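Some notes on the structure that comes next.
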Amino acid sequence: MTSRAVWRLCALAGLIAFVISWSFGRIPGLAACGPVVGGGGPIFAFELARTAADIAALFGADPCRSTLVAAQYTGLWLDGLGFIPSYTAFLVLAAIAASRGWMRRATVAMLIVAALSDEVEGFMLGGILKTLPGTQAQLDQLYWAVHIKFGLLALATTLIGLAMVRLRGLAPLLLGGMVWIGGMAAIYGFGELPGPVMMRAFTLAWFALLAAAIIFSFAPSLFSARDAQRRGQAPPTV
(Lines give C-alpha, C1' and ligand atoms only; values in the text may rest on other atoms or scores of the structure.)
Protein backbone atom coordinates (compact mmCIF):
# COMPACT_ATOMS: atom_id res chain seq x y z
CA MET A 1 0.00 0.00 0.00
CA THR A 2 1.38 3.41 -0.97
CA SER A 3 1.88 6.28 1.45
CA ARG A 4 -0.84 8.19 -0.40
CA ALA A 5 -3.36 5.42 0.24
CA VAL A 6 -2.42 5.29 3.92
CA TRP A 7 -2.83 9.07 4.24
CA ARG A 8 -6.26 8.82 2.62
CA LEU A 9 -7.37 6.16 5.09
CA CYS A 10 -5.90 8.31 7.86
CA ALA A 11 -7.91 11.32 6.69
CA LEU A 12 -11.10 9.27 6.55
CA ALA A 13 -10.57 7.91 10.07
CA GLY A 14 -9.74 11.41 11.31
CA LEU A 15 -12.92 12.90 9.84
CA ILE A 16 -14.99 10.17 11.47
CA ALA A 17 -13.26 10.77 14.81
CA PHE A 18 -13.90 14.51 14.68
CA VAL A 19 -17.55 14.04 13.74
CA ILE A 20 -18.00 11.67 16.67
CA SER A 21 -16.17 14.08 18.97
CA TRP A 22 -18.60 16.81 17.89
CA SER A 23 -21.49 14.41 18.54
CA PHE A 24 -20.63 14.13 22.25
CA GLY A 25 -21.78 17.70 22.69
CA ARG A 26 -25.13 16.84 21.09
CA ILE A 27 -26.05 14.09 23.59
CA PRO A 28 -29.32 15.13 25.28
CA GLY A 29 -28.97 15.84 28.97
CA LEU A 30 -25.17 15.80 29.02
CA ALA A 31 -24.74 18.70 31.44
CA ALA A 32 -23.14 18.69 34.87
CA CYS A 33 -25.50 18.90 37.84
CA GLY A 34 -22.87 20.57 39.99
CA PRO A 35 -19.18 21.63 40.13
CA VAL A 36 -16.83 19.75 37.80
CA VAL A 37 -13.19 18.75 38.31
CA GLY A 38 -10.73 20.81 36.30
CA GLY A 39 -13.34 23.09 34.79
CA GLY A 40 -13.99 20.75 31.82
CA GLY A 41 -17.15 19.17 30.52
CA PRO A 42 -19.08 16.44 32.33
CA ILE A 43 -17.37 13.57 30.47
CA PHE A 44 -13.88 14.90 31.20
CA ALA A 45 -14.85 15.62 34.80
CA PHE A 46 -16.19 12.08 35.22
CA GLU A 47 -12.93 10.59 33.92
CA LEU A 48 -10.80 12.70 36.24
CA ALA A 49 -12.85 12.41 39.42
CA ARG A 50 -10.62 11.35 42.30
CA THR A 51 -13.08 10.95 45.17
CA ALA A 52 -16.68 9.93 45.70
CA ALA A 53 -17.32 13.54 46.70
CA ASP A 54 -16.24 14.66 43.22
CA ILE A 55 -18.70 12.20 41.68
CA ALA A 56 -21.51 13.23 44.01
CA ALA A 57 -20.97 16.89 43.18
CA LEU A 58 -20.92 16.22 39.44
CA PHE A 59 -24.15 14.18 39.41
CA GLY A 60 -26.04 16.17 42.02
CA ALA A 61 -29.59 15.08 42.85
CA ASP A 62 -32.64 13.99 40.87
CA PRO A 63 -34.09 14.81 38.43
CA CYS A 64 -30.80 16.15 37.02
CA ARG A 65 -28.91 13.11 38.28
CA SER A 66 -30.99 10.54 36.39
CA THR A 67 -30.77 12.59 33.20
CA LEU A 68 -26.98 12.89 33.45
CA VAL A 69 -26.55 9.17 34.20
CA ALA A 70 -28.49 8.28 31.04
CA ALA A 71 -26.43 10.78 29.02
CA GLN A 72 -23.15 9.40 30.38
CA TYR A 73 -24.19 5.88 29.38
CA THR A 74 -24.87 7.14 25.86
CA GLY A 75 -21.47 8.80 25.84
CA LEU A 76 -19.75 5.60 26.95
CA TRP A 77 -21.34 3.60 24.13
CA LEU A 78 -20.44 6.26 21.57
CA ASP A 79 -16.90 6.38 22.94
CA GLY A 80 -16.28 2.65 23.07
CA LEU A 81 -17.83 1.72 19.73
CA GLY A 82 -17.05 4.84 17.73
CA PHE A 83 -14.58 7.38 19.03
CA ILE A 84 -11.87 5.10 20.41
CA PRO A 85 -11.64 2.90 17.28
CA SER A 86 -11.72 5.91 14.94
CA TYR A 87 -9.14 8.09 16.71
CA THR A 88 -6.88 5.06 17.18
CA ALA A 89 -7.07 4.24 13.47
CA PHE A 90 -6.43 7.91 12.66
CA LEU A 91 -3.26 8.06 14.74
CA VAL A 92 -1.98 4.58 13.87
CA LEU A 93 -2.34 5.25 10.14
CA ALA A 94 -0.55 8.59 10.55
CA ALA A 95 2.29 6.84 12.37
CA ILE A 96 2.53 4.23 9.61
CA ALA A 97 2.52 6.86 6.86
CA ALA A 98 4.98 9.24 8.48
CA SER A 99 7.48 7.08 10.33
CA ARG A 100 9.69 4.07 9.78
CA GLY A 101 11.58 1.49 11.83
CA TRP A 102 11.69 1.69 15.60
CA MET A 103 9.77 4.97 15.70
CA ARG A 104 6.84 3.45 13.84
CA ARG A 105 6.81 0.32 16.01
CA ALA A 106 7.06 2.29 19.25
CA THR A 107 4.34 4.76 18.26
CA VAL A 108 1.90 2.08 17.12
CA ALA A 109 2.51 0.07 20.30
CA MET A 110 1.82 3.15 22.45
CA LEU A 111 -1.41 3.83 20.58
CA ILE A 112 -2.66 0.27 20.95
CA VAL A 113 -2.01 0.29 24.70
CA ALA A 114 -3.67 3.73 24.97
CA ALA A 115 -6.76 2.47 23.15
CA LEU A 116 -7.00 -0.61 25.37
CA SER A 117 -6.64 1.61 28.45
CA ASP A 118 -9.41 3.84 27.10
CA GLU A 119 -11.73 0.87 26.64
CA VAL A 120 -10.94 -0.38 30.15
CA GLU A 121 -11.67 3.12 31.43
CA GLY A 122 -15.10 2.93 29.81
CA PHE A 123 -15.93 -0.31 31.62
CA MET A 124 -14.79 1.23 34.90
CA LEU A 125 -16.93 4.33 34.38
CA GLY A 126 -19.91 2.11 33.60
CA GLY A 127 -19.35 0.27 36.87
CA ILE A 128 -19.27 3.53 38.80
CA LEU A 129 -22.50 4.66 37.15
CA LYS A 130 -24.22 1.53 38.47
CA THR A 131 -23.21 2.26 42.07
CA LEU A 132 -22.98 6.06 42.25
CA PRO A 133 -20.95 7.66 43.68
CA GLY A 134 -18.71 4.59 43.46
CA THR A 135 -15.98 3.45 45.82
CA GLN A 136 -12.48 4.77 46.36
CA ALA A 137 -11.07 1.47 45.07
CA GLN A 138 -12.93 1.98 41.77
CA LEU A 139 -11.67 5.55 41.48
CA ASP A 140 -8.08 4.50 42.24
CA GLN A 141 -8.22 1.95 39.41
CA LEU A 142 -9.81 4.53 37.12
CA TYR A 143 -6.91 6.88 37.82
CA TRP A 144 -4.40 4.49 36.25
CA ALA A 145 -6.49 3.73 33.17
CA VAL A 146 -7.05 7.43 32.48
CA HIS A 147 -3.44 8.49 33.06
CA ILE A 148 -1.94 5.63 31.02
CA LYS A 149 -4.25 6.57 28.14
CA PHE A 150 -3.51 10.29 28.18
CA GLY A 151 0.21 9.85 28.80
CA LEU A 152 0.71 7.48 25.89
CA LEU A 153 -1.47 9.55 23.56
CA ALA A 154 0.64 12.61 24.34
CA LEU A 155 3.89 10.74 23.68
CA ALA A 156 2.60 9.11 20.49
CA THR A 157 1.29 12.42 19.13
CA THR A 158 4.68 14.01 19.76
CA LEU A 159 6.48 11.20 17.91
CA ILE A 160 4.11 11.48 14.94
CA GLY A 161 4.85 15.20 14.72
CA LEU A 162 8.59 14.55 14.90
CA ALA A 163 8.33 11.91 12.17
CA MET A 164 6.42 14.33 9.92
CA VAL A 165 9.05 17.05 10.36
CA ARG A 166 11.74 14.56 9.35
CA LEU A 167 9.97 13.92 6.01
CA ARG A 168 11.32 17.28 4.78
CA GLY A 169 9.53 19.84 2.71
CA LEU A 170 7.66 22.97 3.79
CA ALA A 171 4.26 21.30 4.35
CA PRO A 172 5.59 18.50 6.58
CA LEU A 173 7.71 21.03 8.46
CA LEU A 174 4.80 23.38 9.20
CA LEU A 175 2.08 20.82 9.86
CA GLY A 176 4.40 18.34 11.55
CA GLY A 177 5.72 21.16 13.70
CA MET A 178 2.18 21.97 14.84
CA VAL A 179 1.56 18.32 15.67
CA TRP A 180 4.84 18.15 17.59
CA ILE A 181 4.12 21.36 19.50
CA GLY A 182 0.63 20.11 20.35
CA GLY A 183 2.07 16.82 21.56
CA MET A 184 4.65 18.56 23.72
CA ALA A 185 1.95 20.83 25.16
CA ALA A 186 -0.13 17.73 25.92
CA ILE A 187 2.82 16.23 27.79
CA TYR A 188 3.10 19.45 29.78
CA GLY A 189 -0.66 19.45 30.42
CA PHE A 190 -0.51 15.84 31.56
CA GLY A 191 1.53 16.96 34.54
CA GLU A 192 -1.19 19.30 35.76
CA LEU A 193 -4.24 17.07 35.37
CA PRO A 194 -7.02 17.90 35.93
CA GLY A 195 -6.77 20.96 33.73
CA PRO A 196 -7.71 22.25 30.27
CA VAL A 197 -4.21 22.54 28.74
CA MET A 198 -3.88 18.93 27.63
CA MET A 199 -7.23 18.74 25.85
CA ARG A 200 -6.57 22.00 24.00
CA ALA A 201 -3.16 20.68 23.00
CA PHE A 202 -4.66 17.49 21.58
CA THR A 203 -7.20 19.54 19.65
CA LEU A 204 -4.42 21.63 18.07
CA ALA A 205 -2.24 18.62 17.25
CA TRP A 206 -5.02 16.46 15.84
CA PHE A 207 -6.51 19.25 13.72
CA ALA A 208 -3.06 19.84 12.21
CA LEU A 209 -2.65 16.11 11.64
CA LEU A 210 -6.04 15.88 9.94
CA ALA A 211 -5.15 18.81 7.70
CA ALA A 212 -1.87 17.09 6.82
CA ALA A 213 -3.59 13.80 6.04
CA ILE A 214 -6.08 15.52 3.72
CA ILE A 215 -3.38 17.54 1.94
CA PHE A 216 -1.02 14.59 1.55
CA SER A 217 -3.90 12.44 0.28
CA PHE A 218 -4.26 14.69 -2.76
CA ALA A 219 -0.74 16.08 -3.05
CA PRO A 220 1.73 13.34 -2.03
CA SER A 221 4.44 15.11 -4.01
CA LEU A 222 4.66 17.61 -1.18
CA PHE A 223 6.94 15.15 0.55
CA SER A 224 7.10 11.55 -0.65
CA ALA A 225 7.67 11.99 -4.37
CA ARG A 226 10.00 14.95 -3.86
CA ASP A 227 12.21 12.98 -1.50
CA ALA A 228 12.07 10.00 -3.82
CA GLN A 229 13.28 12.12 -6.73
CA ARG A 230 16.20 13.36 -4.65
CA ARG A 231 17.21 9.80 -3.91
CA GLY A 232 16.44 8.50 -7.39
CA GLN A 233 13.91 6.03 -5.94
CA ALA A 234 10.18 5.37 -6.15
CA PRO A 235 7.92 6.92 -3.51
CA PRO A 236 7.91 4.85 -0.30
CA THR A 237 5.35 2.14 0.22
CA VAL A 238 4.18 0.54 3.46
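The values are calculated or read from the model by the stated rules, or taken from the named source; none is laboratory data. None of the values given here were measured: they were computed from a predicted structure. Methodologically, a virtual Cβ is constructed for each residue, glycine included, from the backbone with ideal geometry; neighbour enumeration extends over all protein chains shown. Only protein heavy atoms, including side chains, enter the accessible area calculation; ligands, DNA and RNA are left aside. Shrake-Rupley method; radii C 1.70, N 1.55, O 1.52, S 1.80 Å.
What do you reckon, is Gly29 on the phi > 0 side of the Ramachandran plot and either assigned to a loop (DSSP other than H, G, I, E, B) or open to solvent by less than 30 Å² (accessible area, probe 1.4 Å) (or both)?
yes
Annotation note: of Phe83, Phe123, the sole residue that is over 20 Å from Met198 (Cα atoms) and aromatic (Phe, Trp, Tyr) is Phe123. For segment 177-194, filtering for residues that are more than 17 Å from Leu111 (Cβ to Cβ) and either buried (at least 17 other Cβ atoms within 10 Å of the Cβ) or of a type in the set (D, E, K, R) (or both) leaves 7. Free of Cβ contacts under 8 Å to residues at least 24 places away in the same chain, open to solvent by 30 Å² or more (accessible area, probe 1.4 Å) and closer than 28 Å to Ala57 by Cα: does that describe Thr135? The answer is no for Thr135.
Summed over segment 138-154, residues that are open to solvent by 20 Å² or more (accessible area, probe 1.4 Å), more than 20 Å from Pro85 (Cβ to Cβ) and hydrophobic (A, V, I, L, M, F, W, C) total 1.
For segment 1-26, a residue qualifies if it is of a type in the set (Val, Ile, Thr), surrounded by 17 or more Cβ atoms within 10 Å (Cβ to Cβ) and more than 22 Å from Val197 (Cα to Cα), and the qualifying residues are Val6, Ile16. Only one entry in Ala114, Ala70 is under 23 Å from Ala11 (Cβ atoms) and among the small types (Gly, Ala, Ser), namely Ala114. Could you tell me whether any residue of segment 140-152 is within 23 Å of Ile20 (Cβ to Cβ), assigned to a helix (DSSP H, G or I), among the small types (Gly, Ala, Ser) and modelled with pLDDT of 95 or more? Scanning segment 140-152 turns up at least one residue that is within 23 Å of Ile20 (Cβ to Cβ), assigned to a helix (DSSP H, G or I), among the small types (Gly, Ala, Ser) and modelled with pLDDT of 95 or more. Being open to solvent by less than 50 Å² (accessible area, probe 1.4 Å) and either within 30 Å of Met1 (Cα to Cα) or out of contact with any His (no Cβ under 6 Å at 6 or more places or on another chain) (or both) holds for only one residue in Val108, Val120, and it is Val108.
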